[in-house]
Amino acid sequence: MKYIFVTGGVISSLGKGLTAASLGTLLENRGLKVTLQKFDPYLNVDPGTMSPFQHGEVYVLDDGAETDLDLGHYERFTSTKLTRHNSLTSGQVYARVLERERRGDYLGKTVQVIPHVTDEIKTRIRELAESTKADVVITEIGGTTGDIEGLPFLEAIREFALDVGYSNALFIHVTYVPFIKAAGELKTKPTQQSVAKLREIGIAPHLVVCRCDRPLNKEIRDKISLFCNVPYEGVIEEKDVDHTIYEVPLMLQRERMDELVCQLLRLDTPPANMSHWQDLLRKLIAPQKRIRIGVVGKYIGLQDAYKSVYEALSHGGIAHDCGIELERIEAEQIEKEGAEKLLKGLGGVLVPGGFGERGVQGKILAAQYARESKLPFLGLCLGMQMATVEFARSVLELEGAHSTEFDKASPHPVIAMIEEQKGLMNVGGTMRLGAQPVQLQVGTKAARLYGAFVVNERHRHRYEFNNSYRAQFEQRGCIFSGTSPDGELVELVELRDHPFFLGCQFHPEFQSKPNAPHPLFRGFIAAALQRSSL
Ligand code: GLN
């Protein structure tokens, strides 16, 4: 078994996750079984309770783990299925160590960062390797070298390399090489210093991946090689991509990164065949058609809050050789200016998931506009819930219909917690998380798109469609095209007299990949294309 550790230096947001995921793609295409793991040095137990402003999207795995969005890159770029073992925060490490301490497991010893915390971290790497039987485990350490909170992780991976033998472990440092305008040149000093910082801890990187906005010339590569003590070929250029993140694997392949990694780890493999990836990239960069899709959300200004949704839309585009032009629309803006002004002329509108009241009315107005003007609509989780609220208010004329998340006293709680629906107040209130089976109803649009009877989809929500309103909805043209296998929980709704109006209680965006676009996104883009060709 081989271990690759990816650290980051100088600044955050360097795309360590993408680098790790892209290396994973290349190694998989060399025939290796790869798994990826993320260590996050913050003290939160998981990002589940963190604000999107702080953390971006919470990415949910099959087993219900709420994780960092980098795990989304790992799943999209490789064929690995991740579980909670692929994600570790300092919070989890300390929680486990403290639990042991209370149980008396340390037999009266003083409990310390070294060796107790570091041992716990090392165990997690070993456990993952054993449970996945991967040829290569790629572990990404979040944060930036030099951060106090990251030290135990760095110490742990240093020790780990010693434990498994130096020929089985490889360190890759992702760093920043800025272009300084006034000097007219790229500067290597920050990289030198961040590598020096790593070496102080006892880690000497084998490869330095340099994020830059222009090519590294020979002189710069020589300098980094010399001062950072890596061979010339170990200086890898990772220039800002021109179009899409899916360019990164090919860029790293051109820099022969995977070749070097295999050489250093003594992995005898054929070169990666990336022709399918090239094909997919062509469709992303030079698609035959283009379509404008509106996304109506509450964190529209943030790059990362709806990451998987944006990715899944682009995958839906790939399926039709169609480029997606995203219109990011602030839900509150719709409340101010009206839906027509902001949504007119789009090929389709998507309302993603969310929590909290801000912007909810704008989402309802977006659903109404899409329903009335026959604009293709895809509602995810909260997006689906607000579409049903809209239907209840406008079509069923249930005044004051709402979700009890926003109006506890609503006379028509069409969306409510299951406990509230059954009259059991104050019970539970915990989230429904992770993959659950969805039974599809034969003859519906959803069943046709999936081409299946039962599918597994990932969930992250608390509120459900209120079953006492089902009959009324059905009478007026709403179809419940997917439910839990026992029929109790509504999973999918669609409208009969509409070219494409679909809402799902789950999050299909988490399972879409560039080479396997999710059926609902594929269908949504198809409908949008159809509308614009009319
Ligand atoms: N807030 C809603 C619920 O908890 C929707 C959640 C979501 O969109 N992820 O049910």
Residues of the stretch 430-448 classified as more than 20 Å from T388 (Cβ to Cβ), among the aliphatic types (A, V, I, L, M) and within 12 Å of the ligand (Cβ to nearest atom), total: 1
Report yes if some residue within the stretch 372-380 is buried (at least 24 other Cβ atoms within 10 Å of the Cβ), at pLDDT 95 or above and near the ligand (Cβ under 10 Å from one of its atoms); otherwise report no. yes
Condition first: of a type in the set (K, R) and either surrounded by fewer than 14 Cβ atoms within 10 Å (Cβ to Cβ) or within 32 Å of the chain's Cα centre (by Cα) (or both). Now tell me which residues in the stretch 200-223 satisfy that. R211, R214, K218
Can you say whether L502 is touching a Cys at 6+ places or on another chain (Cβ under 6 Å), closer than 14 Å to K445 by Cβ and either of a type in the set (G, A, S) or part of a strand (DSSP E or B) (or both), as far as the supplied structure shows? no
For I203: the one exception among (1) more than 29 Å from D119 (Cα to Cα); (2) touching a Phe, Trp or Tyr at 6+ places or on another chain (Cβ under 7 Å); (3) assigned to a loop (DSSP other than H, G, I, E, B): (1)
Qualifying positions in the stretch 314-345 - closer than 12 Å to F524 by Cβ and out of contact with any Ser or Thr (no Cβ under 9 Å at 6 or more places or on another chain): G317, A319, H320, C322
Exception for L26 within (1) among the aliphatic types (A, V, I, L, M); (2) buried (at least 24 other Cβ atoms within 10 Å of the Cβ); (3) at positive phi falls at (3)
Can you tell me which residue within the stretch 449-468, out of those that are touching a residue at least 40 places away in the same chain (Cβ under 8 Å), away from the ligand (no atom under 16 Å from the Cβ) and not aliphatic (A, V, I, L, M), is surrounded by the most Cβ atoms within 10 Å (Cβ to Cβ)? Y450
Do we have any residue at all in the stretch 384-395 that's within 28 Å of T49 (Cα to Cα), of a type outside the set (V, I, T) and touching a Gly at 6+ places or on another chain (Cβ under 6 Å)? yes
Taking only the stretch 337-358 into account, find how many residues are in contact with a strand residue (DSSP E or B) (Cβ under 6 Å, 6 or more places away or on another chain), part of a loop (DSSP other than H, G, I, E, B) and more than 16 Å from the ligand (Cβ to nearest atom). 2
Residue check, L281 in a helix (DSSP H, G or I) and either among the β-branched types (V, I, T) or crowded, with 21+ Cβ neighbours inside 10 Å (or both): no
Within the stretch 120-162, considering residues that are among the polar types (S, T, N, Q) and either touching a Gly at 6+ places or on another chain (Cβ under 9 Å) or in contact (Cβ under 8 Å) with a residue 12 or more places away in the chain (or both), the one surrounded by the fewest Cβ atoms within 10 Å (Cβ to Cβ): S131
Inside the stretch 59-85, can you point out the residues that are surrounded by fewer than 24 Cβ atoms within 10 Å (Cβ to Cβ) and hydrophobic (A, V, I, L, M, F, W, C)? L61, A65, L69
Here the qualifying pairs (Cβ atoms under 6 Å; residues six or more apart or on different chains; first in the stretch 230-248 and farther than 19 Å from I172 by Cα; second surrounded by 14 or more Cβ atoms within 10 Å (Cβ to Cβ) and not aliphatic (A, V, I, L, M)) come out as V241/E247; Y246/P514
Does the stretch 386-394 include one or more residues that are within 22 Å of Q472 (Cβ to Cβ), within 16 Å of the ligand (Cβ to nearest atom), of a type in the set (S, T, N, Q) and without any contact (Cβ under 8 Å) to a residue 12 or more places away in the chain? no
Here are the criteria: (1) over 21 Å from L154 (Cβ atoms); (2) part of a helix (DSSP H, G or I); (3) among the β-branched types (V, I, T). Tell me which single one T110 does not satisfy. (2)
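The values are calculated or read from the model by the stated rules, or taken from the named source; none is laboratory data. As the structure is a prediction and not an experimental result, all values here were calculated from the model. Cβ coordinates were reconstructed from backbone atoms using ideal geometry, including for glycine residues, and neighbour counts include every protein chain displayed.
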